[in-house]
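Undergrad: Here it is, the structure in full.
The values are calculated or read from the model by the stated rules, or taken from the named source; none is laboratory data. Only a predicted model underlies this, so the values are computations on that prediction, with no experimental measurement involved. Cβ placement follows ideal geometry from the backbone for every residue including glycine, while neighbour counts extend to all protein chains displayed. The accessibility values were calculated without ligands, DNA or RNA, using every heavy atom of the protein model including side chains. Shrake-Rupley method; radii C 1.70, N 1.55, O 1.52, S 1.80 Å.
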Amino acid sequence: MKSALFFLDSYSNNYYAQSVDDALELLHHFKVRNTYDIFRGQASSQWDVVSSLERRGVKYINSEEHKRSMSVYFSTLSKNKTTEFLAQRHDSGLAVAQHYGLPTNYVDFTTDPEIAVFFAMHNRPTIVAEHTCSIICVKREEFEKEVNNAKDKFSSETFAFPRIIEIDVDNLWRLQAQKGLFIEMPLIISQNEEILSFENVFYRFDRILFPYDANFKITEINKIYPSQKSSLEMILDQYFYNLSLQKFHEDFVKDKLTEDNFIITPGNNDPNKIFVKNIGKDASWGTEENWIPKPEKWGQVSSSNTISITIDATHKREKLKSLVYCLFVKALIDLDNARAQNLTFNIEIVNCQNKDVVSNILQEGLERIWNGMRIYPYSIEQISASSSNYVALIFEDYKYKFIENDMPPQKKFYAEPLYIDLAVFQSESRAYVEEADFFGCFRNKFADYLLPDILDAYKNKIWFKIFSNVSNPQYLFDFNKLLVLYVEQIIPFQVFLRGAKTGLPIFFSPFELTSVGPN
């Protein structure tokens, strides 16, 4: 080991390294010898190890706002089949909250020294001249020993004690990619409303200190922050995106955040107001268990294959759709174990003026369609149909993009385009569909179930009288008909409108929807 590394203080066990390379060498030395086994990177050696909740201060910790926001968070998780396990497992729920920026008393650590160095270098302060980064080092065995000693010392106290929390949250790929775990750092508040230092009360961390190096490249950021999203992460993205909109709204109108005004529920879903009797969901919907995505590990899907496709822009829409459909079916059938992989696409376009722009848009959109649909029980043919319709939609929009007075894409695609809202509890998405196709999805003998005044509205296409009272698709639609519409129109147009903006929700399964209806 290089002599540049030296022991600084017998009490604090801080080490100085002359460069980030020296710090990495020392970290690997410690890891191999089991000197430390848990690490955390911090961009400044001046920062204490504190939780995001502690940084908010005592006033926020004791506030109704904090209690209310966490209550809404766990309540909302419990109302979705994909996320309800997070509400039932408190540690998992808080782990997700921590990763998405809600204040908790969890502090992120990792078992991988290189990832700790990445965070020390990546999250640097604004002023970086001559500043020193740090890696917090923990020996699990010693940490737990010190905590046990503290329990003996403070046996008469009622406050909680620190824990190392190592959990594998199903489908939380970001946690898996970062080889993450947490230290729960309980807050001890003194009689004069001050938070006591964790290191003074429980455990003093050891540190490796080294200078920031702007030129150092440690790893690809995609290995730390996966660009692909699991089914769980897509839903969580939707939740936290909507939460940010709610906060933006609150800053202006000063409303209180409550469960009732936070969760979006277009229509009150009271079938008694439109149906002759309470008919319940249509029998065609069957069981939704098959539509709940199975857990996947990031390591299993991170090494993806690439599908290369060449598209001739001169083809008419129907021929283009047919050719792309056939190319997709063949490519996906030929690929071993395709459903277990996040695929990437290499799209080559010929005879197109704007081919680079169109190619990039297609690649991003097709990856989102594949990675969104593959986890549900869609057939290869259905995924290919959705993909080919998306390709045709993009070409309809971009082939004549710069022609004066060019019409909107939905007008090119549909005779009578209908703008529809889709909602999943707290999140919304939108799409265009052919009006006749949408209302053709109503359940069998739909008119026979309607109250007289609603029947009149139905015959006269006064749709708001139906959808303002019942918007749950399981009451209104035949599942198999809606599924065809979903594959051929709703998914492609959602992706067209949302594109690669992964923070915006796209709903890939009809079973996800709590509400659907005309805008």
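Undergrad: Select, from Tyr486, Tyr419, the only residue that is among the aromatic types (Phe, Trp, Tyr) and touching a strand residue (DSSP E or B) at 6+ places or on another chain (Cβ under 8 Å).
TA: Tyr419
Undergrad: For Gln88, indicate whether it is over 25 Å from the mean Cα position of the chain (by Cα), surrounded by fewer than 16 Cβ atoms within 10 Å (Cβ to Cβ) and not aliphatic (A, V, I, L, M).
TA: no
Undergrad: On to the next question. Please identify the pairs in which a residue from segment 359-384 that is in contact (Cβ under 8 Å) with a residue 40 or more places away in the chain and under 23 Å from Glu396 (Cα atoms) has its Cβ atom under 8 Å from the Cβ atom of a residue that is of a type in the set (Lys, Arg) and open to solvent by less than 20 Å² (accessible area, probe 1.4 Å), counting only partners at least 6 apart or on another chain.
TA: Hits for this filter: Ile383/Arg374.
Undergrad: Looking at segment 441-461, is at least one residue part of a helix (DSSP H, G or I) and either under 27 Å from Ile235 (Cβ atoms) or under 33 Å from the mean Cα position of the chain (by Cα) (or both)?
TA: Looking for residues that are part of a helix (DSSP H, G or I) and either under 27 Å from Ile235 (Cβ atoms) or under 33 Å from the mean Cα position of the chain (by Cα) (or both), one finds none in segment 441-461, hence no.
Undergrad: Quick check, is Asn346 closer than 20 Å to Glu488 by Cα and of a type in the set (S, T, N, Q)?
TA: no
Undergrad: Can you tell me which residue in segment 418-432 is nearest to Glu396 (Cα to Cα), limited to those that are among the aromatic types (Phe, Trp, Tyr) and surrounded by 19 or more Cβ atoms within 10 Å (Cβ to Cβ)?
TA: Step by step, filter segment 418-432, then rank; the result is Tyr432.
Undergrad: Among the helices (runs of 4 or more DSSP H) lying completely within segment 298-417, list those that include at least 3 residues that are open to solvent by 20 Å² or more (accessible area, probe 1.4 Å) and of a type in the set (A, V, I, L, M, F, W, C).
TA: Working: elements: 298-301, 317-334, 355-373, 380-398, 409-413.
Once the helices (runs of 4 or more DSSP H) in segment 298-417 are filtered for at least 3 residues that are open to solvent by 20 Å² or more (accessible area, probe 1.4 Å) and of a type in the set (A, V, I, L, M, F, W, C), what remains is 317-334.
Undergrad: Of Ile466, Ile491, which residue is modelled with pLDDT of 90 or more, open to solvent by less than 10 Å² (accessible area, probe 1.4 Å), in contact with a Ser or Thr (Cβ under 7 Å, 6 or more places away or on another chain) and part of a helix (DSSP H, G or I)?
TA: Ile491
Undergrad: Continuing with the same structure: So, in segment 43-76, how many residues would count as being under 25 Å from Ile189 (Cα atoms), not hydroxyl-bearing (Ser, Thr, Tyr) and not in a loop (DSSP other than H, G, I, E, B)?
TA: 13
Undergrad: Among the residues of segment 66-85, how many are within 17 Å of the chain's Cα centre (by Cα) and open to solvent by 10 Å² or more (accessible area, probe 1.4 Å)?
TA: Result for segment 66-85: 8.
Undergrad: From the list Asn200, Asn149, Asn215, exactly one residue is open to solvent by 40 Å² or more (accessible area, probe 1.4 Å), in a loop (DSSP other than H, G, I, E, B) and more than 24 Å from Glu364 (Cβ to Cβ). Which is it?
TA: Being open to solvent by 40 Å² or more (accessible area, probe 1.4 Å), in a loop (DSSP other than H, G, I, E, B) and more than 24 Å from Glu364 (Cβ to Cβ) holds for just one of Asn200, Asn149, Asn215, which is Asn215.
For (1) at pLDDT 80 or above; (2) open to solvent by 40 Å² or more (accessible area, probe 1.4 Å); (3) in contact with a Leu (Cβ under 8 Å, 6 or more places away or on another chain), each residue gets a yes or a no:
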position	(1), (2), (3)
Glu220	no, yes, no
Met234	no, no, no
Tyr241	no, yes, yes
Ser244	no, yes, no
Val253	no, yes, no
Thr265	no, yes, no
Asn268	no, yes, no
Ile279	yes, no, no
Pro295	yes, yes, no
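Undergrad: Report every pair of residues separated by at least 6 positions or lying on different chains whose Cβ atoms are under 7 Å apart, first residue within segment 341-355 and farther than 17 Å from Ser387 by Cα, second open to solvent by 30 Å² or more (accessible area, probe 1.4 Å).
TA: Val350/Thr310; Val350/Asp312; Asn351/Asp312; Asn351/Thr314; Asn354/Tyr398; Asn354/Lys401
Undergrad: Which ones in segment 328-355 are touching a strand residue (DSSP E or B) at 6+ places or on another chain (Cβ under 9 Å) and either closer than 17 Å to Met234 by Cβ or modelled with pLDDT of 85 or more (or both)?
TA: Phe328, Ala331, Leu332, Leu343, Phe345, Asn346, Ile347, Glu348, Ile349, Val350 - these are the residues of segment 328-355 that are touching a strand residue (DSSP E or B) at 6+ places or on another chain (Cβ under 9 Å) and either closer than 17 Å to Met234 by Cβ or modelled with pLDDT of 85 or more (or both).
Undergrad: Additional query: Output the qualifying pairs, or none if there are none: Cβ atoms under 6 angstrom, residues six or more apart or on different chains, first residue in segment 485-510 and within 24 Å of Asn360 (Cβ to Cβ) and of a type in the set (Gly, Ala, Ser), second residue open to solvent by less than 10 Å² (accessible area, probe 1.4 Å) and modelled with pLDDT of 95 or more.
TA: Pairs that qualify, where the first residue is within 24 Å of Asn360 (Cβ to Cβ) and of a type in the set (Gly, Ala, Ser) and the partner is open to solvent by less than 10 Å² (accessible area, probe 1.4 Å) and modelled with pLDDT of 95 or more: there are none.
Undergrad: If you don't mind, another one. Any residue that is modelled with pLDDT of 90 or more, over 29 Å from the mean Cα position of the chain (by Cα) and assigned to a strand (DSSP E or B) - is there at least one of those in segment 94-117?
TA: Among the residues of segment 94-117, not one is modelled with pLDDT of 90 or more, over 29 Å from the mean Cα position of the chain (by Cα) and assigned to a strand (DSSP E or B), which makes the answer no.
Undergrad: Report whether or not Phe496 is among the aromatic types (Phe, Trp, Tyr) and surrounded by fewer than 19 Cβ atoms within 10 Å (Cβ to Cβ).
TA: No: the conditions fail for Phe496.
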